[in-house]
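Accompanying notes for the structure given below.
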Amino acid sequence: MLRRKKDGLVSSEDETDWAALLLRVRDHQDRAAFAVLFRHFAPRVKAFLMKSGAGASLAEECAQDVMAVLWQKAHLFDPARASVATWVYTIARNRRINALRRARRAEPEELDWGPAPEPDQAEALETRQETERLGRALAALPTPQRTLIERAFYGELSHSEIAAETGLPLGTIKSRIRLALDKLRHRMGEGPKRT
Amino acid sequence: MTIRHHLSDQLLMAYAAGQLPEAFSLVVAAHLSLCDDCRAQADSFDAVGGAVLEEAGEIAMGEDALARTLARIEWLPRAAAPKPRRAAGIFPAPLVDYVGGDLPAVRWRRVGGGVRQAILPTDRDATARLLYIPAGTAVPDHGHRGLELTLVLQGAFADETDRFSRGDVEIADEALEHTPVALAGQDCICLAATDAPLRFRGLIPRLAQPLFRI
């Protein structure tokens, strides 16, 4: 996967621990940690929204909204369940649906265990590693397949186009997501201890 | 409860990508509320979105963007802790949001043959409705022009393809002409969404169709 220079360092597997930063926002309203998250994610959200068809000023405004929601909902973030990039993505996607389609998206019920007060370090690390593996798997896809996935997530493919598209490498992704299911089951199994 | 009929990967991906019409997203959210397997899959497709975002490139924010956002969050209340959106009745929480309550809050309209329906307010790209089919009753033989998702909430129905009970989703497209029959024992309640009007094969239901938006 393409790795960019960040803060003068070529980042590798041990790149910035975004989840730790977001937990500092969550637990201590840490503005310095928020600023680091902002500098990394806001330009990506803006790029993502522009690729989704938003003009520069709308994308700028929405990217600020997305980062403000990230602050506001930090206490709902669960590093064992999602990476920060995934969490930011879901906020950006919902903002896009509101702003560009003027529609809403029904959300499922909350799982009753919610974020654990003391995040399990091992689970959080596993989620992070799984996310990195997923990123590498996507980057390793042949260009036409990767482009299809990107177009789907930029909102360029309608749901019927996604349904009709046989070139989507959903199998590749599925092999990655088996772990997420196992992890979820594991946590559901120990749910009562957390409530 | 064992769910045997799940959402397709394509639907879960379209949901994660934010590309489903609101009516379909309601059926998906209702099914995810009942089905841990599909919920985990959906979370994983969200993670694909996260990976796409990470690689979307960067477009510089305005110079004062961080300062303005920090100034804004001064005034933002913390979002309330998630209210326990755990449904107590037969409707999953996202459906309760649309109906304004559980089963007793539904405003049914008769559509003939004892079948009742209630259309839910969504955007116009697709239609969502609740169906009430008395036990043992058939829904008129029909085909589909577009995509139709039917989630069973109470009772069960069977058609030429299989049997569907609480939590199961039937995914029907142009290829399927079927006659769903509510099984004996309990009246069947379903949440259905379609992106095209149903067409009935019998003459009378076809005439009634524009009237009832069935």
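Computed from the coordinates by the stated procedures, all read-outs in this text should not be read as laboratory data. In this text, all values refer to a predicted model and were calculated from it rather than measured experimentally. Note: ideal-geometry Cβ built from the backbone for every residue, glycine included; neighbour counts use all protein chains shown.
Given a Förster radius of 30 Å and the C-beta distance between A:R101 and A:A122 as r, what FRET efficiency does 1/(1 + (r/R0)^6) yield to the nearest 0.05? Rounded to the nearest 0.05, the efficiency is 0.15.
Evaluate the relative contact order of the stretch B:1-105 (contact order divided by residue number), counting alpha-carbon pairs under 8 angstrom at least 6 apart; express in whole percent.
Details: 50 pairs, mean separation 27.3, N = 105.
Relative contact order of the stretch B:1-105: 26 percent.
Backbone geometry of the stretch A:46-63 corresponds, through the Karplus equation with coefficients 6.51, -1.76 and 1.60 at θ = phi - 60°, to 3J(HN,Hα) couplings of 4, 4, 4, 5, 5, 5, 7, x, 7, x, 4, 6, 5, 5, 4, 5, 5, 5 Hz, x marking Gly and Pro. Between the beta carbons of B:D64 and B:S8, assuming R0 = 60 Å, the FRET efficiency works out to 0.85 to the nearest 0.05. For chain B, the fraction of C-alpha pairs farther apart than 31 angstrom is 28 percent. Counting only cysteine Cβ atoms and a cutoff under 4.7 Å, chain B contains unmatched residues B:C188, B:C190.
The order of the peptides B:18-24, B:63-69, B:88-94 by mean Cβ neighbours within 10 Å, most packed first, is B:18-24, B:88-94, B:63-69. Remark: mean inter-chain Cβ contacts per residue of A:155-164 equal 6, using a 10 Å Cβ-Cβ cutoff to other protein chain atoms. Entry note, chain B: the mean residue ellipticity at 222 nm calculated from DSSP H runs of n ≥ 4, each adding -39500 (n - 2.57), is -9500 deg cm²/dmol after division by the residues and rounding to the nearest 500.
Residues of the stretch B:152-189 with an amide N closer than 14 Å to a point placed 7 Å from the Cα of B:D102 along the Cα-to-Cβ direction: B:154.
To the nearest 0.05, what FRET efficiency results for A:E165 and A:D27 with a Förster distance of 60 Å applied to their C-beta separation?
Working: r = 43 Å, r/R0 = 0.71.
Here the calculated transfer efficiency is 0.90.
Across the stretch A:25-89, Cα pairs under 8 Å and at least six residues apart give a relative contact order of 38 percent.
Mean separation of Cα pairs under 8 Å and 6 or more residues apart, divided by the residue count, gives chain B a relative contact order of 22 percent.
Take each residue of peptide B:3-12, count the partner chain Cβ atoms within 10 Å of its Cβ, and average: the result is 3. The ellipsoid equivalent to the alpha-carbon distribution of the stretch A:45-158 has semi-axes of 25, 21, 13 angstrom, derived from the gyration tensor eigenvalues as √(5λ) and listed largest first. Near A:E110, the amide H atoms lying under 5 Å from its own belong to B:R85; only residues 5 or more places off or on other chains count, and H is placed 1.01 Å from N.
Per-residue Cβ counts within 10 Å, from other chains only, averaged over B:132-138: what number is that? Don't jump to the answer; show the numbers that get you there.
Details: counts 0, 0, 0, 0, 0, 0, 0.
Rounded to a whole number, the mean comes out at 0.
Taking the inverse of the mean reciprocal distance over all distinct Cα pairs, the Kirkwood hydrodynamic radius of the stretch A:3-104 comes to 14.2 Å.
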